[in-house]
Each structure stands twice: as C-alpha cells, then as structure tokens.
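First the structure, in the form of structure tokens, and then the observations on it.
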Amino acid sequence: MESAPLFAEIADSPDGGEAWWLTADDGVRIRVGAWAREAARGTVLLFPGRTEYIEKYGRTAAHLAKRGYATMAIDWRGQGLADRLVSDVMAGHVLSFSDYQRDVAAMVAAAKALDLPKPWHLLAHSMGGCIGLRSVMNGLPVASCGFSAPMWGIQMSQTLRPVAWSLSWGGRQFGMGHRVAPGTSPESYVLIEPFATNKLTNDPEMYQFMIDQTIAQPALGLGGPSLRWLYEALRECRDLSRLPSPEMPCMTFLGSEEQIVDVPRIRDRMDRWTGGTLEMIEGGKHELLMDSADIRGPVMDSYCDMFDRAGENRVDRAAPAAAGGPARKSPASSRHRRSGSGLAFFPFLPLGAFRSRSRRRDAETSFPSDNI
C-alpha cells in the first residue's frame, strides 16, 4: 500500500491518522484512511455517502476512538481523492453499482494487511448504506452494522419516478450516461445552498465545517450525479429490496425531516430485519452524524453500545460470497410503498418546468439528491 494524503488540518480527527492509495481489481485507484489503529474494542468500517470523503468523518472517528474503536473510511471511486471516472471531474459517476464492491474488497484487504483490531463493525451513511447492505449480504466480515439514512431507495414523487427511470435509462443507451442529470448542479452542494434551506443538518457550525473543508481542499468536492449513476442506483435499490435481510445485529437511524432517501423503503427493510431496530430522530435531517451535538452524540453512543454488545456476543458468520464480490440478481419481485413527498435534493428535470409549483412544496415538483 502506498501512502496517500490525509488532510488532518481540516478533519478535526484523532491524532495519528494515516491514508493509503489502493488499487481495485479493475485498476481504479481509491483512497482509505484509518485512525486509532491500536484501539482495544475493534474497528468500524465507515462507508460514506455520495459526494463525501474521508476527512468529513474526522469527528465521527474521534467519537469512536473515545469509545475504544478504530475507524477505517474510504473514498469511493469517482469522489474524494479517488480516481474520477469521466472527464467532468465534478460529475458523480459510476459504470455499475457492483463496481463499488470492488472498492469494498480492496478496503477489506487493506484492513487485513494493517491487522486492524477485531471484531469489525459497519457504519454506513446514505449511498454507503446501499453499498454496505449489499456487502453484508455478500459476507462482509462484520459483527454488526449501523446505518444512517441509508439509500435503500431514492425519495421522489410517484409522477417523477417513471421519468427518472426513462431518462436515466435513455442516457445510458444513447451514450449520454456521463452527463450530469438535468437540473443538478456541477458545484458542491454546501457551496451553493444556504444553511437556512439545506437538507443535511440543523447545526450551522457543522454546516460551516463542511463548507470550510470544501473550500480548503477543492479536490474533495463533487457536484450532481450522472445519468448513469442515477440509473445504476435505482436498479441496485430495486434489486436489494427483493432480497431478505441479513442475520446480524443492525441499528438504523433516520430523521423525521428526511427529504433525500425513500423512508418507506427503509421502514420495509427494517420491518424484515430480525434483530434490527429503526430509531426515528425527531427533527433530524439527512446527516444525523453531522447534526447538532444533542443529536449526533446520542446517535453515536447508540451505535457504539450495539458494537459493544455484538463484540461481546460475537458468533463467526459463514460468508455466502466473497465480501465485495459482484452484485447478485434476484428473480423475485415485491411491491413497496413509495414516498410521495418528493422534496428534491437534486431536482432532476429542468427547474423551470416545475418551479412555479415548488413554493407549495407540492409532491410533483421534485426529484432527489445531489448528496446521497
């Protein structure tokens, strides 16, 4: 493993953090970072969301270190300092969602090479929750998993869902999949969205923390998703919804003010997760780990309590498939409730087409999300 930059000066993270370049099995270079590698209680594999990067979770790693856990976080392909996959470096792009499992496999190999303390646990946010669920289903060697607003579906109105499928599929078929989805911004969300209307956090200091990081290190920034990413995300969420939940301890947190991921899909999944719990945070927005101290502190402590219990009661799991292996397909089908609130975190269609009705927060005006 080759040493990589870690911007400790903007991370507010534990001392002694390090980062490394890794190469996935298809040749894409990614970055991982680790803190508190000598922790006594185990290691948390941290899967960030879309647009995110290792340094954003420095404060999360600090909380975990105080509870006795090491942290390893990752820059997924196409974001952070990992290889950008198209010429427009601000476009969030991926060829296939199964490619993220290649990144997971490289991350797991690095964690083994570094001999990070066991047991390992998963903590995954938003898009990382989608990647993480697939990884756990594939046999990721963790004793428990925590999810924060997992992207097990994308929130949008009933009317816009078929439009999203059609346009993203069409972009892929006609060689336009690398283009940023119409109506999305090529700039980082936190640099253009005022705090008063942001969908991420209630805490102005944490929002400024994210802004300051992006300004200090512009290479970490990312804009809207590509049409290809959108199509692959919709398909992966659909396929995952048809599979049974893993058998392991799980805790999912979701804010009552969630406007980005599909809440009914999360409720459905957790209803079908034996040994899993869904905790709703009154007033919470999308990024509970970046919210005010009175929200993120108890949320982090709850995750750590679960990690403690799972570590004490650990039973080795047989891996049904290599962690990070290719995504599996299921012939089964199921019906799920859809969210109708549709408040967009990335308005997918050109904004002018719907802006006149958006002031009423009409369910037909929106499409999510620059920052899942």
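The values are calculated or read from the model by the stated rules, or taken from the named source; none is laboratory data. What you are looking at is a predicted structure, and each value in this text was computed from that prediction instead of being measured. Ideal geometry is used to build each Cβ from the backbone, glycine not excepted, and the neighbour counts take in all protein chains shown. Just so you know, the surface numbers come from the protein's heavy atoms only, side chains and all, with ligands and any DNA or RNA stripped out. Shrake-Rupley method; radii C 1.70, N 1.55, O 1.52, S 1.80 Å.
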inquiry  = Of all residues being among the hydrophobic types (A, V, I, L, M, F, W, C) and assigned to a loop (DSSP other than H, G, I, E, B) in region 233-260, which is surrounded by the most Cβ atoms within 10 Å (Cβ to Cβ)? Just the residue, please.
reply    = 260
query = Quick one: in region 280-309, which of the residues that are more than 16 Å from residue 205 (Cβ to Cβ), assigned to a helix (DSSP H, G or I) and of a type in the set (D, E, K, R) is most open to solvent (accessible area, probe 1.4 Å)?
reply = 309
inquiry  = Checking the structure you have, find out if any residue of region 30-49 is farther than 23 Å from residue 119 by Cα and hydrophobic (A, V, I, L, M, F, W, C).
reply    = yes
task = Confirm whether residue 49 is under 20 Å from residue 135 (Cβ atoms), open to solvent by less than 10 Å² (accessible area, probe 1.4 Å) and touching a helix residue (DSSP H, G or I) at 6+ places or on another chain (Cβ under 7 Å).
result = yes
query = Of the residues 265, 272, 235, which single one is of a type outside the set (Asp, Glu), at pLDDT below 95 and farther than 25 Å from residue 66 by Cα?
reply = 235
ask   = What number of residues in region 41-73 are in contact with a Phe, Trp or Tyr (Cβ under 7 Å, 6 or more places away or on another chain) and in a strand (DSSP E or B)?
value = 9
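Tally the residues that are under 15 Å from residue 103 (Cβ atoms) and hydroxyl-bearing (Ser, Thr, Tyr), restricting the search to region 33-82.
Step one: of region 33-82, the residues under 15 Å from residue 103 (Cβ atoms) are 33, 45-50, 52-54, 72-82.
Filter again for hydroxyl-bearing (Ser, Thr, Tyr), leaving 53.
Residues meeting the conditions: 1.
Any chance you could count how many residues in region 7-35 are in a loop (DSSP other than H, G, I, E, B), surrounded by fewer than 18 Cβ atoms within 10 Å (Cβ to Cβ) and touching a residue at least 40 places away in the same chain (Cβ under 8 Å)? Walk me through how you get there before you give the answer.
Narrowing region 7-35 to residues in a loop (DSSP other than H, G, I, E, B): 7, 12-17, 24-28.
Cutting the leftovers down to surrounded by fewer than 18 Cβ atoms within 10 Å (Cβ to Cβ) gives us 12, 15-16, 25-27.
Those left that are additionally touching a residue at least 40 places away in the same chain (Cβ under 8 Å): 12, 25-26.
Result for region 7-35: 3.
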ask   = Which one of these does residue 114 not meet: (1) over 16 Å from the mean Cα position of the chain (by Cα); (2) closer than 22 Å to residue 289 by Cβ?
value = (2)
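If you check 263, 190, which single one turns out to be of a type in the set (A, V, I, L, M), in contact (Cβ under 8 Å) with a residue 12 or more places away in the chain and over 16 Å from residue 79 (Cα atoms)? Even if it seems obvious, please write down each step before you answer.
Details: 190 fails: over 16 Å from residue 79 (Cα atoms).
Residue meeting the stated conditions: 263.
Every residue in region 187-210 that is among the polar types (S, T, N, Q), surrounded by 15 or more Cβ atoms within 10 Å (Cβ to Cβ) and more than 12 Å from residue 286 (Cβ to Cβ), please.
Residues of region 187-210 that are among the polar types (S, T, N, Q), as a first pass: 188, 197-198, 201-202, 208.
From what's left, surrounded by 15 or more Cβ atoms within 10 Å (Cβ to Cβ): 188, 198, 201-202.
Once the filter is applied, which keeps residues that are among the polar types (S, T, N, Q), surrounded by 15 or more Cβ atoms within 10 Å (Cβ to Cβ) and more than 12 Å from residue 286 (Cβ to Cβ), region 187-210 yields only 188.
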inquiry  = If residue 253 satisfies all but one of (1) in contact (Cβ under 8 Å) with a residue 24 or more places away in the chain; (2) farther than 30 Å from residue 9 by Cα, what's the number of the condition it fails?
reply    = (2)
remark   = The residue that is modelled with the lowest pLDDT, considering only those in region 192-232 that are assigned to a loop (DSSP other than H, G, I, E, B) and of a type in the set (Gly, Ala, Ser), is 224
ask   = Among the residues of region 261-279, is any within 15 Å of the chain's Cα centre (by Cα), over 27 Å from residue 138 (Cα atoms) and buried (at least 16 other Cβ atoms within 10 Å of the Cβ)?
value = no
